[in-house]
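Undergrad: Questions regarding the structure given below will be posed in turn.
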Amino acid sequence: MRILLISSAFSGLTQRFYSELDDAGFIVSVELHSGDMGQLLEGVTLFKPDLIVCPFLTKRLPKEIYEYTKCLIVHPGIKGDRGPSSLDWAIQSGATEWGVTLLEADEVMDAGAVWASKTFPMRAATKSSIFYREVTQAAVDCLWEALSFFDAPHFKPEEQNYNRADYHGGTLPAIKQTDRAINWKKHKTDDILRRINAADGSPGVLDEIYGQPVFLFNAIKHPI
């Protein structure tokens, strides 16, 4: 089976997918999606994949690809969750459980049929820590679950249905600095930590110290 990974970067999750699939004997290749649609289409045509998986995607897939080849996209959110800042919002809002959903590519972002979904308890930790541990493992579990019935003749992926009891996600916009802003007089210590943890890595929380703009990272709760 030929599997093409389309990713915005050769990220840690993309590397994990590549090594897992390669070790299992699949024929695997990676095509980076930088926004050059012509180059992307050429790469897909040359490789002739049986399946396309997108572990880390920040740009929309062209319809010309997913109309002719099955494309599964990793979304770092629970079923029903949509939007580009899924994990950021979950950490900042203090969600106690989160997850990963493997979705079929669709014209509407994050609205495709569900092939697999896994949840995990949320730790009080930075976004990068949660992504590289819980999100990555849940994504790998989703991948293998989807592959286990990829060729099953009677399998049908689950159409998203917000009337179902297990759909707790919603649509949220890209998070902005105004959403991350800390009110030092109003927010409590745990609220502040969640905001900084949710912005871990990039871009950080924009704040001000002695009149100078700064980005806040790696905050810890000092014991009293």
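Please treat every number below as a calculation from the coordinates, not as lab data. This structure is a prediction, so every number in the text was calculated from the model and none was measured. In this analysis, Cβ positions are derived from the backbone assuming ideal geometry, glycine residues included, and neighbour counts consider all displayed protein chains.
Undergrad: Hey, fewest Cβ within 10 Å first, where do Leu21, Leu46 land in order?
TA: On the way: Leu21 20, Leu46 10.
Placing the least packed residue first, the sequence is Leu46, Leu21.
Undergrad: Moving to a separate point now. Once label points are set 7 Å from the Cα along Cα→Cβ at both Asn161 and Lys70, what is their separation, rounded to one decimal in nm?
TA: 2.1
Undergrad: Would you please classify the overall shape of the chain from the alpha carbon gyration tensor, given that a ≥ b ≥ c denote the square roots of the eigenvalues, rounded means a/c under 1.5, and beyond that prolate means a/b larger than b/c while oblate covers the rest?
TA: prolate
Undergrad: Can you give me the Cα centroid spacing of the stretch 29-60 and the stretch 89-168 in angstrom?
TA: Between the Cα centres of the stretch 29-60 and the stretch 89-168 lies a distance of 21 Å.
Undergrad: Given the pairs Lys118/Lys221; Lys70/Lys118; Lys48/Lys70; Lys59/Lys156, which are separated by over 19 angstrom at their Cα positions?
TA: Details: Lys118/Lys221 30 Å; Lys70/Lys118 21 Å; Lys48/Lys70 12 Å; Lys59/Lys156 26 Å.
Lys118/Lys221; Lys70/Lys118; Lys59/Lys156, as the Cα separations exceed 19 Å there.
Undergrad: If you don't mind, there's one more thing I want to ask. Which value in nm describes the separation of the simple spin-label points at Glu107 and Phe215, placed 7 Å from the Cα toward the beta carbon?
TA: 3.7
Undergrad: Mean projection of the alpha-carbon convex hull of the stretch 177-216 over all orientations, in nm²?
TA: Result: a mean projected hull area of 2.8 nm².
Undergrad: While we're looking at this one, here's another question. Using the count of nearby Cβ atoms within 10 Å as a rough guide to exposure, how do Asp88, Asp36 rank from fewest to most? Present the calculation step by step, with values, prior to reporting the outcome.
TA: Values: Asp88 22, Asp36 11.
Arranged by neighbour count, lowest to highest, Asp88, Asp36 become Asp36, Asp88.
Undergrad: Taking neighbour Cβ counts within 10 Å as the exposure measure, how do Ser34, Ser117 sort from fewest upward?
TA: Values: Ser34 11, Ser117 22.
Fewest-to-most ranking of Ser34, Ser117: Ser34, Ser117.
Undergrad: So what is the relative contact order of the chain, in percent, for Cα pairs below 8 Å that sit 6 or more residues apart? Mind showing how you got there, number by number?
TA: Numbers: 393 pairs, mean separation 38.1, N = 224.
That works out to 17 percent.
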